[in-house]
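Input: a single structure, listed below in C-alpha cells.
The values are calculated or read from the model by the stated rules, or taken from the named source; none is laboratory data. Everything quoted here is computed from the prediction, not taken from an experiment. Positions of Cβ are backbone-derived with ideal geometry, glycine not excepted, and every protein chain shown enters the neighbour counts. To get the accessible areas, we keep the full protein, side chains included, count just its heavy atoms, and leave off ligands, DNA and RNA. Shrake-Rupley method; radii C 1.70, N 1.55, O 1.52, S 1.80 Å.
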Amino acid sequence: MPSDDTIVAIATPPGRGGIGIVRLSGEHAIEIVSELVRFPKLPLETQRATLGEFIEPESGRALDRVVATCFRRPHSYTGEDVVEVSCHGAPVILQHFVECCLARPLAAHRAALQDSGGPQEKVRTAEPGEFTMRAFLNGRMDLTQAEAIRDLIDSRTLYQARVAAEQMEGALSRRLQPHKRALVELIAGLEAGIDFAEDDVPVSSWTEIASSLDVIQADLGKLVEGYEYGRIVREGLTLAIVGRPNVGKSSLFNRLLNEERAIVTSIPGTTRDLVSESASIGGIPLRFVDTAGIRDTADEVEAMGVGKSLQAIADSDLRLLVADAADGWTEGDSKLFERIRPLGALLIACNKSDLAFTPLRLCGSMDVPMAWTSALTGEGIPELKDKILEVAAPAHALASEGGFITNLRHQQLIKESLASLARARSAAERRVPHEMLLLDLYDALHALDTLTGATTVDDLLGVIFSTFCVGK
Ligand code: GDP
C-alpha cells in the first residue's frame with residue numbers, strides 16, 4: 001500500500017448530515033482543491049479554514065459552498081499536505097467531489113507525462129486506514145497510537161473512549177520507554193565490554209544485570225496480567241444467565257438492561273430463544289445471553305434451546321446462575337451448579353428476595369460469590385452489577401493502578417519479551433558468556449520494538465559513545 005500517490009476519501013460516515021468531509025493527503029492535495037474550489041485568494045493559508053465555492057468542472061457552475069482546512073506538511077495528521085473540505089452533507093455532493101478530484105488532470109501529472117522517464121504520481125481513493133498508516137510511516141505516531149485511534153473510533157462507552165485516548169497520547173509507549181532504555185543500556189554496556197575489552201570499560205556485574213532484569217520483568221509481568229481486564233474493557237464481556245425455568249432470568253435480564261426486551265411469562269420453560277442484548281456496567285459493554293431454561297425435556301424445540309444454551313454458557317466470560325429465593329436451593333439448582341461450575345467464572349443471584357421471608361441457606365458451603373436480588377422491586381441490582389464486574393474482571397484493581405493493555409497483539413509481544421528476559425535472567429545466573437546473554441537481550445528488546453517502533457543502531461551507538469568514554 002505505501003506509495004507517493006495523493007489519496008482522497010470521504011471521511012464522514014455514509015448518510016446525510018449537516019456537513020460531510022472529504023479528506024485529501026499527498027503532494028497534490030492542495031493543488032487539486034485549489035483547482036476545484038474557488039477561493040477569495042490563493043494560496044490557501046495553512047491551518048486556517050477558508051470559505052470557497054465548489055465549482056463543477058464541466059459546467060463551471062457553483063455546486064456547493066464549502067470550507068477547506070489546509071495543513072501543510074509536516075504539521076498534519078499524515079505528515080503530508082492534507083486538505084479537509086467540509087461540504088454540505090449530501091452523499092451525491094461528497095461523491096461528486098471525490099470523482100472530480102480523481103478526474104482532475106494535474107499540472108504535475110501533465111508534466112510527468114511529457115517527461116517520459118519520471119514517476120507519474122496519481123490521485124486515487126484511499127484504502128481503509130491509509131491516512132493513519134501514512135501517519136505511522138511518516139513518524140507522526142507509533143503503532144500503539146495508530147491502534148488506539150481505531151479503538152477510539154470503535155468505542156461504545158465513554159470509558160472505552162477514555163482508555164483509547166490515553167493510549168493515543170502514547171501512554172503504553174511511555175510506560176515501556178524506561179524498560180527499552182534500560183535494555184539498550186544493558187546491551188550497550190555488554191557490547192562495549194566485548195568490543196573494547198582492552199579499554200577499561202566499566203562492565204556491569206552479574207548482580208547488576210540480574211537486578212535490572214528483575215525490574216523490567218516485574219513491570220512487564222503486571223502489564224500481561226492486566227490484559228485480562230483490558231480485553232474486557234476493549235471487547236466488552238458476555239454474561240450468560242442460567243437457571244431453572246421461572247426463577248426470574250428474563251426479569252433479571254430486563255432489569256440489568258433497564259428495558260423490557262425478553263418475553264417474560266409465568267409458564268415454565270417459555271424463554272426458548274437466546275436473547276442477546278447490550279448494556280454497560282462501569283463503562284464496560286456487557287452482552288447478555290439470556291438462555292433457555294435448562295432442564296431435561298421431551299419437547300424437541302425446547303431441547304434444541306437447551307443444547308444451544310449450554311454452548312453459549314461455555315462461550316461466555318461469566319455465568320450468572322439464578323436461583324429462586326422463595327423455593328430455596330433445590331436439587332435442580334445443585335445439578336445446574338455442578339454442570340456449569342467447571343466452565344469458568346460463576347456468580348449466583350438469589351432472585352425474588354422480596355418473597356423470601358426467612359433467610360435461606362441457599363448455597364452454604366459453596367465458595368461462589370452471591371448476590372440477593374429482586375427483579376421485581378429492583379433491590380440488589382446495583383450490588384449485582386458490582387459483583388459482575390468484580391468476578392469477571394478480577395484484575396480490575398491491579399490494572400487501574402497504572403494503565404493496562406487492551407490489545408492481544410501487545411500482550412503477545414510483551415509475553416515474548418518476557419520469555420527472552422527469563423532466558424537472559426537464567427543465563428545471567430549461569431554466568432554464560434556475554435555474547436550469549438546479548439542474544440536474549442536483543443530478542444527482548446526486539447519484541448518491545450515491534451510494539452512501539454524500532455530502536456535503531458544509531459540509538460545503540462549513541463548510548464555506547466555517550467555513556468562510556470571509549471575511544472577517548
Ligand atoms: P425465567 O423463566 O427464569 O426467565 O423467569 P421470568 O423472568 O419469566 O419470571 C417468571 C415469573 O417470576 C414471572 O411471573 C415474573 O414476574 C416473576 N418474577 C421474576 N423475578 C421476580 C422477583 O424478583 N420477585 C417476584 N416476586 N417475582 C419475580
Above-threshold pairs, the threshold being 24 Å between Cα atoms, out of 308/387; 308/415; 249/335; 387/415; 308/352: 308/387; 308/415; 387/415; 308/352
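In Å², what does the accessible area per residue of the range 126-208 work out to with a 1.4 Å probe?
On the way: 4330 Å² over 83 residues.
Roughly 52 Å² per residue, with all protein chains present.
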Residues whose placed amide H lies under 5 Å from that of residue 237, excluding near-sequence neighbours: 286, 287
Label-point separation, residue 439 to residue 99 (7 Å along Cα→Cβ), nm: 6.2
Table column - 3J(HN,Hα) (Hz), the range 71-85, Karplus curve with 6.51, -1.76, 1.60, x for Gly and Pro: 10, 7, 4, x, 8, 9, 4, 8, x, 9, 5, 10, 10, 10, 10
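When the chain is fully extended, how far beyond the present Cα-Cα distance does residue 368 get from residue 219, taking 0.36 nm per residue of separation? Write down the numbers at each step before the final one.
Working: separation 149, 0.36 × 149 = 53.64 nm, distance 3.09 nm.
Difference between extended and current length: 50.6 nm.
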Separation between Cα centres of the range 1-36 and the range 142-209, rounded to whole Å: 35
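Need one word for the range 118-169: rounded, prolate or oblate. Basis is the Cα gyration tensor (sqrt eigenvalues a ≥ b ≥ c); a/c below 1.5 gives rounded, then a/b vs b/c decides.
Details: a/c = 5.49, a/b = 2.22, b/c = 2.47.
Oblate.
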Residue 61-residue 153 FRET efficiency (beta carbon distance; Förster radius 35 Å; 0.05 resolution): 0.45
Estimated inter-spin distance, residue 169 and residue 194, nm [label 7 Å along Cα→Cβ]: 4.1
Residue 355 versus residue 41: modelled label distance in nm, points set 7 Å from Cα along the beta carbon direction: 8.0
Long-range amide H partners of residue 242 with built H, under 5 Å: 320, 321, 322
